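**Student:** Before I ask anything, here is the structure I am working with.
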Ligand SMILES: Cc1cc2nc3c(=O)[nH]c(=O)nc-3n(C[C@H](O)[C@H](O)[C@H](O)COP(=O)(O)OP(=O)(O)OC[C@H]3O[C@@H](n4cnc5c(N)ncnc54)[C@H](O)[C@@H]3O)c2cc1C
């Protein structure tokens, strides 16, 4: 059973536009996003097409480039693809799509070998891929690079490769404002750049690979680009989203008051690090037999509980008993980053607490990345493919980006190649009617900080009906007066997208009156078998 609910929106587009006054560009395939999913999609396209890839910042700025721990795939002869499938299904708590899990996990070794062929240097031991173990995986099956900077190395190689492909045009620092739709079909996008202003990019097919939504929360591991733009843009255009209540919080984010929130990879616990509370006590065994290697949601809640009990703002990671050479070899990036704050990871306790890390929910896609909106495809963290269910197994998401990036790129490419060569701009009009309200200046930074704090406090790791309802009313109030304004640059559009994503997260969390995977309701702490389903949402526009 799949429940599809509607969410009322005021405007189909975030801004007014007049086609006669805006430059037009025509491509066969438009890919929004230059992380692992977008770049893998671009590499799978037909060389006879004109493909454009857009990124809102520099190409190197993505969640993908920040990935630390690695990418999961079965290489060890004592491991088995069936085990990787079982571990993924077990983490997903009954709502994974088993066919999708089998497909993704089955393709993993091939996709990782392709990365090697593209020039990625994975860490090796005696000539073989070095594999580590992470929470929820029963085997060592996580391939890593540069010790703990896997994403940086994978993206270096992929970016180098894609830049050599003559049919692919990459435009950095170009922000997609909205998808263009006509008669229920996606026709491209309205984009903006500082130098070029607004532009229509008409495309036969469009792929969204815009990544995650971590910036919805005050505490997050995600870089600045992760503002749920793709979720909001696709939703406004008519694509369905689902599972938005499932936000994964990473248990161990460096906590230095005033400092930025760096992730301390799960691989650190995989190699044997302990979690200790402010009294120096190890506590994970009190919460789960797997101890420090329990699934992320269990560890995040245990840490939050321990912080409350000890009335201390963090807990600590302890690596002091680990082999010093192993630490140097495996965690050079984490060691360097902690050293910037005066911490020696070999001897000092590292202060950590949870932060928003991964958006499990997203745009509904099928096995080829097809969304519910014709002409639109999607891949990577912006989607809900059915792989993760109610909880993502660590290191499965880079893999998901590769598998679905390739599939969406290849299928969208075929669809574009099958369309007539020439196509023209459509006489689209924006649905903005009222005047822009500019009676008083909005402090966007203040509003955004208030939103992320509210989400952290009331729609974070522990949720309940009262907090969620109050949060929803507050977000809807902000949204009402923010959505009646027209902005001319990304700061405003990002805020509008974040407000929409917040409404979706909270509305889904309200509906799910149970605890499952990463979604924990203190008023419904048990899992309810009858809710082994997805809450889907689609946009409905108010009549004006
Ligand atoms: C610190 C950290 C560590 C992680 N470690 C791991 C790990 O070890 N293993 C693992 O499997 N996963 C890990 N993850 C998760 C994983 O990195 C992501 O899920 C994955 O990389 C997402 O890839 P993507 O291509 O979907 O999105 P991203 O890599 O985030 O790329 C998004 C792209 O979309 C573009 N974009 C966004 N909005 C717009 C817009 N409005 N207009 C134009 N362009 C836009 C961005 O510029 C960017 O190019 C980690 C995540 C973080 C934050």
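Readers should treat all values here as calculations from the given coordinates under stated rules, not as data from a laboratory. Keep in mind that this is a model prediction, so the values were computed, not measured. FYI the Cβ positions are ideal-geometry reconstructions off the backbone, even for glycines, and counts take in every protein chain you see.
**Student:** Quick check: pseudo-label points 7 Å beyond the Cα along Cα→Cβ at residue 110 and residue 140, how many nm apart are they?
**Tutor:** Inter-label distance under the simple model: 2.7 nm.
**Student:** Quick one: length gained pulling residue 522 to residue 465 fully straight, 0.36 nm per residue minus the C-alpha distance?
**Tutor:** So the chain would gain 19.6 nm between residue 522 and residue 465.
**Student:** Show me the ranking of peptides 226-232, 486-492 by mean Cβ neighbours inside 10 Å, starting with the highest.
**Tutor:** 226-232, 486-492
**Student:** Go through 521-528, 211-218, 34-41 and give me the packing order, highest mean Cβ count within 10 Å leading.
**Tutor:** 34-41, 211-218, 521-528
**Student:** Distance between Cα centroids, the stretch 45-77 to the stretch 333-409: provide it in whole Å.
**Tutor:** 11
**Student:** Let me ask something else about it. When the chain is fully extended, how far beyond the present Cα-Cα distance does residue 484 get from residue 339, taking 0.36 nm per residue of separation?
**Tutor:** 47.5 nm
**Student:** Moving on. What FRET efficiency would be calculated for the residue pair residue 321, residue 18, taking the C-beta separation as r and a Förster radius of 56 Å, to the nearest 0.05?
**Tutor:** Working from the Cβ atoms, E equals 0.25.
**Student:** Here is a further query. Using alpha carbons only, how many degrees (0 to 90, rounded to 10) separate the axis of helix 98-118 from the longest principal axis of the chain?
**Tutor:** Once rounded, the angle reads 90 degrees.
**Student:** Enter the angle in degrees (range 0 to 90, nearest 10) between the Cα long axis of helix 397-417 and the first principal axis of the Cα atoms of the chain, meaning the one along which they spread out most.
**Tutor:** 20
**Student:** Same structure, new question: Hey, what number do you get for the chain at 222 nm if only DSSP H runs of n ≥ 4 count, each worth -39500 (n - 2.57), divided across all residues, to the nearest 500?
**Tutor:** Here the helix-only value at 222 nm equals -10500 deg cm²/dmol.
**Student:** Could you bin all the Cα-Cα distances of the stretch 67-193 into 5 Å bins starting at 0 and give me the percent of pairs in each, rounded to whole numbers?
**Tutor:** The distribution over the stretch 67-193 is 2, 9, 14, 16, 14, 13, 12, 11, 6, 2, 0, 0, given as percents.
**Student:** Report the gain in length on full extension from residue 76 to residue 172: 0.36 nm times residue separation, minus Cα-Cα distance, nm rounded to one decimal.
**Tutor:** 30.7 nm
**Student:** Here's a follow-up. Please rank 321, 333, 137, fewest neighbouring Cβ atoms within 10 Å first, as an exposure proxy.
**Tutor:** 321, 333, 137
**Student:** May I ask you to derive the relative contact order of the chain, considering only C-alpha pairs under 8 Å and at least 6 residues apart, and to give it as an integer percent?
**Tutor:** Reported as a whole number, the value is 25 percent.
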